[in-house]
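Reading through the structure tokens given below for one structure.
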Amino acid sequence: MNALKHVTFAAGVALSPVDAGGAEPSGWQALADERAVIRIADAIDRAVDAQDWKLARSYFADRVTADFSSLSGQPAANIASDDLIGAWAGNLKGSKTSLHLRTNHQVVLEAD
């Protein structure tokens, strides 16, 4: 099983886009960083679907830039994470449920 993990990981790196000018990091670390971002996004979804607001809040800094312009038409805004989680909790109270599924992740990594 361990060998299969290495082959799969190596294949992912081999098939990853070639660095064409340094616009995006490439290599093992970039792939690991990309996976970490995807894992966190998925973990937030699971926490929200479970209505575990404390866990959902734990993934955020104290303030975040929230962009719901496609839903509300309002521009992105820098808000307190507690307010964001509170709004989600308010929308999913009582017997309301959610199931977040996402695919075709697009992660852009910027150099530190």
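Each value in this text was obtained by applying a stated rule to the coordinates, not by laboratory testing. Owing to the predicted nature of the structure, the values given are computational and were not obtained by experimental measurement. Heads up, the Cβs are rebuilt from the backbone with ideal geometry, glycines too, and the neighbour counts pull from every protein chain shown.
Structure data summary
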quantity	calculated
Two-site label geometry, A66 and T103: point separation in nm, points 7 Å out along Cα→Cβ	2.9
Extension reserve of the D42-K54 stretch, reckoned as 0.36 nm per residue once the Cα distance is removed	2.7 nm
Extension gain from I79 to Q29, taking 0.36 nm per residue of separation minus the Cα-Cα distance	14.9 nm
Relative contact order (%) - the stretch 27-112, alpha-carbon pairs under 8 angstrom, separation at least six	33
Local electrostatic count at R63 - Lys and Arg +1, Asp and Glu -1, tallied over other residues with Cβ under 10 Å	-3
